[in-house]
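K.L.:
If you scroll down you'll find the structure; I have some questions about it.
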Amino acid sequence: MRFLLALLVVATVSAAAAPIDIPIETNRTALVLRVDADGHLMTVHHGKRLQQAAEYGRLPGITHLNEGYSEYYNSAYTPAGSRSLLEPAVQATHADGNPSIDLVYMRHETKPAGAGVTLTTISLKDPQYPFEVTLNFRAYQNEDVVESWSTIRHSEKKDIRLQKYASANLYLSAHQYYLTHYHGNWASEVRPEETALTAGMKVLDSKLGTRAQMLQSPMFVLSLNQPAQEEQGDVLAGTLAWSGNFQFQFELDPYHNLRVLAGINPYASEYTLEPGRDFTTPALIYTYSDQGTGGASRSLHRWARNHRIPQGKGDRLTLLNNWEATQFNFDESRLVDLFNDGKKLGVDLFLLDDGWFGNTFPRNSDNAGLGDWQENKAKLPHGLGYLVQKAEAAGVKFGIWIEPEMVNPKSELYTKHPDWVIKLPNRPDAVFRNQQVLDLSNPKVQAFVYGVVDNLFTKNPKLAYIKWDCNAVIYNAYSAVNPTSHLYVDYVRGLYQVLERLRAKYPTVPMMLCSGGGARVDYGALKYFTEYWPSDNTSPAERLFIQYNYSMFFPAIASCNHITDWGNFPIKFRTDVAMMGKLGYDIVVNNLSANDLAFSQQALKTYERLKPVIYQGDLFRLQSPYTNDIASVLYVSEKQDKAVLFAYLVNSRFKAGSELPPIRLRGLQPGKRYTVQETNLMPGAKSPINNTLTYSGDFLMTIGLNPVVNDRRTSVVLEISEAL
Ligand code: GLA
């Protein structure tokens with residue numbers, strides 16, 4: 001209790017008092033906000049933490065801000081309509097029609113919010129209106145991660161209209177800013193592009209409704225003074241915890257400081273806020289690192305495992321999925337054969353994908369049946385309960401695919417509840433993958449979606465896994481039951497309410513987040529899901545890049561990497577690529593040669609041994625696939641006693657990879673000695689790696705290792721262990 005009181009800092013100043021500083025610190029970083037003489041809240045430092053907090057008072061403020069019109073440039077939450085000339089964080093029309101906001105400091109407090117976590121809240125108020133904004137900063141000390149969001153409320157006589165409500169309004173000072181952002185499409189998710197920011201505004205956003213990404217991803221890296229480097233330099237990596245429309249704005253001000261505004265996309269989302277109600281934005285999750293993108297990723301991964309992803313410190317199930325193998329064409333006996341295949345292979349679980357439901361409109365292709373979550377009697381005459389039992393008898397757990405937010409026009413659900421579907425009354429229905437989106441702003445639809453999952457578990461308590469898909473975007477955004485609703489915002493909130501309820505009742509069941517490939521990978525949804533599907537593109541050549549890019553923000557334990565037949569690669573290469581995260585299979589086991597089967601069975605055993613380091617270790621991206629013939633990543637256990645190195649040939653030109661210098665390792669203890677052993681070899685293959693030698697960590701990090709990758713050994717996995 002005494003500790004709690006000691007940490008609790010509460011301050012209140014009148015606008016005329018001397019400036020006060022509000023540092024939001026983690027072990028290595030600080031964001032320092034200052035209440036200026038007029039009571040406005042400004043950013044005066046964002047970056048490395050100072051060793052002596054007393055010196056925050058000496059911060060000059062961001063330099064050069066001396067012209068009268070520039071006073072709002074470094075505002076910690078820029079109001080619209082009054083004296084600011086730059087892009088606002090918050091914009092509203094008051095109940096009396098006045099379109100302006102001014103915000104002055106009222107009070108702040110910093111208090112503990114769990115082990116190693118502090119929560120700082122800063123209350124700001126409009127001097128002319130009962131309109132308040134609270135800025136919230138949850139700072140994770142050991143992980144150097146901050147969650148930043150705002151809460152807006154008022155007690156005006158009538159509703160107000162909120163036009164913009166950013167989660168965060170950051171301000172950085174450097175000579176140059178390099179922005180890495182990610183974009184793509186189905187099967188080509190998260191393609192990075194780095195660009196030097198120039199004067200004016202760069203905007204990244206999405207308007208897809210049900211998902212943040214596909215065309216643009218809700219994450220960015222800002223590198224200061226130089227293009228982003230993997231292990232050195234100052235970077236800020238951020239991502240919005242929101243599964244819907246987002247907007248990031250990067251505005252270079254006339255003094256060459258960078259303003260970053262991040263939040264829900266205001267596009268078609270004016271929000272009517274009643275008096276006395278809170279409007280809470282999603283959080284921008286960010287980390288500042290002076291050790292390049294590598295340092296930023298390791299911080300985000302640790303944060304995700306410790307604080308965000310369900311069972312982030314736990315285990316994951318290996319599985320065999322039937323999507324690539326059967327698509328919609330299966331029946332009960334085919335599935336029972338596949339359970340046995342799963343057992344033969346040695347996975348933990350069998351995952352039944354799309355196509356198991358619908359009777360009036362059987363789900364035999366993607367154009368019918370979605371929404372009718374009853375077992376298809378022709379394919380599964382004995383129902384799911386029978387399959388769960390049969391799987392158990394075969395020695396594997398049973399999981400199932402659902403897509404409960406969606407509906408095919410050819411379905412009983414659509415016929416019964418046309419008003420549950422998002423569509424415009426006077427325009428033709430528009431479908432995406434032959435389907436439409438249910439209106440999750442409608443509580444009845446929320447209850448239905450919850451019921452789909454709850455019924456599955458109630459009827460089949462042994463159901464061990466859910467793959468939750470979301471294959472369509474929102475076209476013709478309009479809610480029939482609540483035409484004035486802020487549909488884009490309320491859709492995502494409705495989804496989170498359903499997931500919240502489900503997680504309260506089923507806290508431990510593993511759930512995969514999928515969205516027509518990787519269109520819904522964000523930390524808003526990953527509060528509820530143990531893992532995500534990065535892309536339908538499972539060609540290992542492509543996955544090397546796709547997984548590499550997601551790894552900037554998301555940890556290996558959550559990345560579902562399945563071995564499939566995409567791309568016609570040898571089984572070892574496919575397996576080595578999939579092992580860099582949560583391993584799974586989507587193949588016809590019977591089609592494997594005896595040698596490939598034996599390899600795979602052994603690989604699953606090897607994976608059992610390696611996975612604690614892959615799941616919980618620190619990731620070092622040693623060589624990028626973009627700039628090297630050999631791509632390589634390393635996972636190092638927290639105790640630095642075990643590490644796993646993966647190396648892959650990514651160039652098929654003559655002698656590519658074979659005349660390169662050794663790969664330098666990172667993250668080991670220089671003074672420890674390590675053995676190096678090649679693992680995951682094909683049956684009978686001999687390794688050229690000498691496993692009798694020991695090396696100091698210093699040697700491995702200064703000189704490095706040659707994993708001997710070439711066109712006959714296109715991928716190599718090395719197990720590095722402290723010599724005892
Ligand atoms: C999406 C998913 C796939 C598969 C199909 C089923 O495309 O990304 O993995 O589940 O749906 O229809």
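K.L.:
Output the number of the condition that residue 86 fails; it satisfies all remaining conditions of (1) in contact with a Lys or Arg (Cβ under 7 Å, 6 or more places away or on another chain); (2) assigned to a strand (DSSP E or B); (3) in contact (Cβ under 8 Å) with a residue 60 or more places away in the chain.
P.N.:
Unmet for residue 86, out of (1) in contact with a Lys or Arg (Cβ under 7 Å, 6 or more places away or on another chain); (2) assigned to a strand (DSSP E or B); (3) in contact (Cβ under 8 Å) with a residue 60 or more places away in the chain: (2).
K.L.:
I'm checking my understanding of the structure. Among residues of segment 473-496 that are open to solvent by 30 Å² or more (accessible area, probe 1.4 Å) and of a type in the set (Val, Ile, Thr), which one is nearest to residue 417 (Cα to Cα)?
P.N.:
481
K.L.:
How do the pairs read when you match residues in segment 425-447 that are closer than 20 Å to residue 369 by Cβ and touching a residue at least 60 places away in the same chain (Cβ under 8 Å) with residues anywhere that are more than 16 Å from the ligand (Cβ to nearest atom) and part of a helix (DSSP H, G or I), using Cβ under 9 Å and keeping only pairs 6 or more apart or on different chains?
P.N.:
Sorted first by the residue in segment 425-447, then by its partner, the pairs are 437/491; 438/413; 438/420; 438/445; 438/448; 438/449.
K.L.:
Quick check on segment 473-482. Is at least one of its residues modelled with pLDDT of 95 or more, in contact with a Phe, Trp or Tyr (Cβ under 8 Å, 6 or more places away or on another chain) and within 16 Å of the ligand (Cβ to nearest atom)?
P.N.:
Yes, some residue in segment 473-482 is modelled with pLDDT of 95 or more, in contact with a Phe, Trp or Tyr (Cβ under 8 Å, 6 or more places away or on another chain) and within 16 Å of the ligand (Cβ to nearest atom).
K.L.:
(1) in contact with a Ser or Thr (Cβ under 9 Å, 6 or more places away or on another chain); (2) more than 22 Å from residue 161 (Cβ to Cβ): which one isn't true of residue 114, the others all being true?
P.N.:
Failed condition: (1).
K.L.:
Name every residue in segment 255-268 that is part of a loop (DSSP other than H, G, I, E, B) and either in contact with a helix residue (DSSP H, G or I) (Cβ under 6 Å, 6 or more places away or on another chain) or open to solvent by 10 Å² or more (accessible area, probe 1.4 Å) (or both), in order of residue number. Walk me through how you get there before you give the answer.
P.N.:
Filtering segment 255-268 for residues part of a loop (DSSP other than H, G, I, E, B) gives 255-256, 265-268.
If the condition is that a residue be part of a loop (DSSP other than H, G, I, E, B) and either in contact with a helix residue (DSSP H, G or I) (Cβ under 6 Å, 6 or more places away or on another chain) or open to solvent by 10 Å² or more (accessible area, probe 1.4 Å) (or both), then 255, 256, 266, 267, 268 are the ones that fit.
K.L.:
Quick one: is residue 474 of a type outside the set (Lys, Arg), in contact (Cβ under 8 Å) with a residue 40 or more places away in the chain and either outside any strand (DSSP E or B) or not assigned by TED's automatic domain parsing to the domain that holds residue 405 (or both)?
P.N.:
So residue 474 passes the test.
K.L.:
Please verify whether residue 546 is more than 16 Å from the ligand (Cβ to nearest atom) and not charged (D, E, K, R), treating the condition exactly as stated.
P.N.:
no
K.L.:
Only one residue in 642, 582 is of a type in the set (D, E, K, R), assigned by TED's automatic domain parsing to the domain that holds residue 715, at pLDDT 95 or above and over 14 Å from residue 545 (Cα atoms), so which one is that?
P.N.:
642
K.L.:
Look through segment 1-42, keep the residues that are at pLDDT below 95 and polar (S, T, N, Q), and return whichever of them is surrounded by the most Cβ atoms within 10 Å (Cβ to Cβ).
P.N.:
For segment 1-42, the residue satisfying everything is 12.
K.L.:
Every residue in segment 348-358 that is over 26 Å from the mean Cα position of the chain (by Cα) and either within 12 Å of the ligand (Cβ to nearest atom) or outside the structural domain of residue 466 (by TED's automatic domain parsing) (or both), please.
P.N.:
We begin by selecting, within segment 348-358, every residue over 26 Å from the mean Cα position of the chain (by Cα); these are 355-358.
Matches in segment 348-358: 355, 356, 357.
K.L.:
Within the group 249, 232, 226, which residue is surrounded by fewer than 24 Cβ atoms within 10 Å (Cβ to Cβ) and either at pLDDT below 95 or closer than 26 Å to residue 153 by Cα (or both)?
P.N.:
Being surrounded by fewer than 24 Cβ atoms within 10 Å (Cβ to Cβ) and either at pLDDT below 95 or closer than 26 Å to residue 153 by Cα (or both) holds for just one of 249, 232, 226, which is 249.
K.L.:
Give segment 310-346 a look and list any residue that's surrounded by 24 or more Cβ atoms within 10 Å (Cβ to Cβ) and aliphatic (A, V, I, L, M), or say none.
P.N.:
Residues satisfying the conditions are 319, 320, 338.
K.L.:
Does residue 73 count as at negative phi and surrounded by 18 or more Cβ atoms within 10 Å (Cβ to Cβ)?
P.N.:
Criteria met by residue 73.
K.L.:
Can you confirm whether residue 666 is at pLDDT 95 or above and in the same structural domain as residue 690 (by TED's automatic domain parsing)?
P.N.:
yes
K.L.:
Another one. Would you mention how many residues in segment 596-638 are more than 22 Å from residue 315 (Cβ to Cβ) and in a strand (DSSP E or B)?
P.N.:
Result for segment 596-638: 7.
K.L.:
Checking the conditions here, which among 325, 368 is of a type in the set (Gly, Ala, Ser), within 16 Å of the ligand (Cβ to nearest atom) and modelled with pLDDT under 95?
P.N.:
325
K.L.:
Residue pairs, Cβ under 7 Å, 6 or more apart or interchain, first in segment 290-307 and among the aliphatic types (A, V, I, L, M) and surrounded by fewer than 23 Cβ atoms within 10 Å (Cβ to Cβ), second at pLDDT 95 or above and outside any helix (DSSP H, G or I). List them.
P.N.:
304/312; 304/554; 304/555
K.L.:
Counting just the residues of segment 571-595 that are closer than 12 Å to residue 341 by Cβ, in contact (Cβ under 8 Å) with a residue 60 or more places away in the chain and part of a helix (DSSP H, G or I), which one comes out most open to solvent (accessible area, probe 1.4 Å)?
P.N.:
Per the stated criteria, the residue is 590.
The values are calculated or read from the model by the stated rules, or taken from the named source; none is laboratory data. Keep in mind that what you see is a predicted model, and the values were worked out from it rather than measured. Virtual Cβ from ideal backbone geometry, glycine too; neighbours counted across all protein chains shown. Accessible surface is based on the protein model in full, side chains and every heavy atom, while ligands, DNA and RNA are left aside. Shrake-Rupley method; radii C 1.70, N 1.55, O 1.52, S 1.80 Å.
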